[in-house]
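Only one structure is covered here, and it is reproduced in the block below.
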Amino acid sequence: MAWTDERVELLKKLWAEGLSARQIADQLGGVTRNAVIGKVHRLGLSGRATTTRTKTVRPRKKRTDSVVRPLSGRAASPAVSPGVANPKQSPGLENFPTALMPPVDELFIPVKDRVTMETLKEHHCKWPIGDPAEEDFHFCGHKRHGDGVYCEFHAAKASQPSRRTVRRKTQKQMISHR
């Protein structure tokens with residue numbers, strides 16, 4: 001396939017409109033995506049910012065329950081009452097071994113205690129909970145811990161080492177025990 005003046009002009013027009021190389025190749029016909037990219041490069045057309053995100057917004061699923069869900073891969077214990085902020089303070093669980101308690105991924109904040117952007121004060125924990133685009137978005141609102149901006153629970157959660165750091169420490173320990 002030869003690049004005629006008309007096809008080059010059409011390529012420039014479609015490129016300026018923001019079409020992808022694949023879309024341009026489909027419209028031109030008889031040319032591959034790579035041929036379009038090569039021609040764009042040879043013509044010196046302006047590059048465009050690439051993004052890994054899709055242009056269309058996928059609708060989020062609405063949560064129908066107020067149960068605190070554990071992190072993925074961790075099984076929830078049936079002994080934990082849904083909606084209880086601290087399972088250790090749940091009735092009937094005071095003698096339950098702490099080691100068997102499932103980890104709490106997020107604190108449950110009752111609706112009446114939720115802090116919004118309008119009601120957020122200096123002494124409140126500023127940990128955001130939920131999607132800011134959703135109606136039920138709120139902040140933790142518990143009393144701040146020390147000089148930080150989060151409560152004790154969220155301060156600990158925010159300072160968790162990355163998995164990479166944990167993996168390195170584990171590898172070093174394994175090597176030192178050999």
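The values are calculated or read from the model by the stated rules, or taken from the named source; none is laboratory data. Just so we're clear, the structure is a prediction, and the values are computed from it rather than from any experiment. Methodologically, a virtual Cβ is constructed for each residue, glycine included, from the backbone with ideal geometry; neighbour enumeration extends over all protein chains shown. For the accessible areas, the whole protein counts, side chains as well, though only heavy atoms, and no ligand, DNA or RNA atoms are used. Shrake-Rupley method; radii C 1.70, N 1.55, O 1.52, S 1.80 Å.
Please determine, by comparing only the residues of segment 1-32 that are open to solvent by 100 Å² or more (accessible area, probe 1.4 Å) and either part of a loop (DSSP other than H, G, I, E, B) or among the β-branched types (Val, Ile, Thr) (or both), which one is modelled with the highest pLDDT. So the residue we want is GLU17.
Can you tell which of ALA133, ALA85 is among the small types (Gly, Ala, Ser), in contact with a Phe, Trp or Tyr (Cβ under 8 Å, 6 or more places away or on another chain) and either assigned to a loop (DSSP other than H, G, I, E, B) or modelled with pLDDT under 85 (or both)? Steps first, please.
Numbers: ALA133 fails: in contact with a Phe, Trp or Tyr (Cβ under 8 Å, 6 or more places away or on another chain).
The unique qualifying residue is ALA85.
Restricting to segment 35-45, what's the tally of residues that are surrounded by fewer than 16 Cβ atoms within 10 Å (Cβ to Cβ) and in contact (Cβ under 8 Å) with a residue 12 or more places away in the chain? Qualifying residue count for the region: 3.
Yes or no: segment 151-163 includes at least one residue that is within 30 Å of VAL57 (Cβ to Cβ), among the charged types (D, E, K, R) and at pLDDT below 85. Within segment 151-163, one or more residues are within 30 Å of VAL57 (Cβ to Cβ), among the charged types (D, E, K, R) and at pLDDT below 85.
Restricting attention to segment 134-144, report how many residues are free of Cβ contacts under 8 Å to residues at least 60 places away in the same chain and either of a type in the set (Asp, Glu) or open to solvent by 90 Å² or more (accessible area, probe 1.4 Å) (or both).
Taking segment 134-144 as the starting set, the residues that turn out to be free of Cβ contacts under 8 Å to residues at least 60 places away in the same chain are 135-144.
When the remaining residues are screened for being either of a type in the set (Asp, Glu) or open to solvent by 90 Å² or more (accessible area, probe 1.4 Å) (or both), the result is 135-136, 143.
Qualifying residue count for the region: 3.
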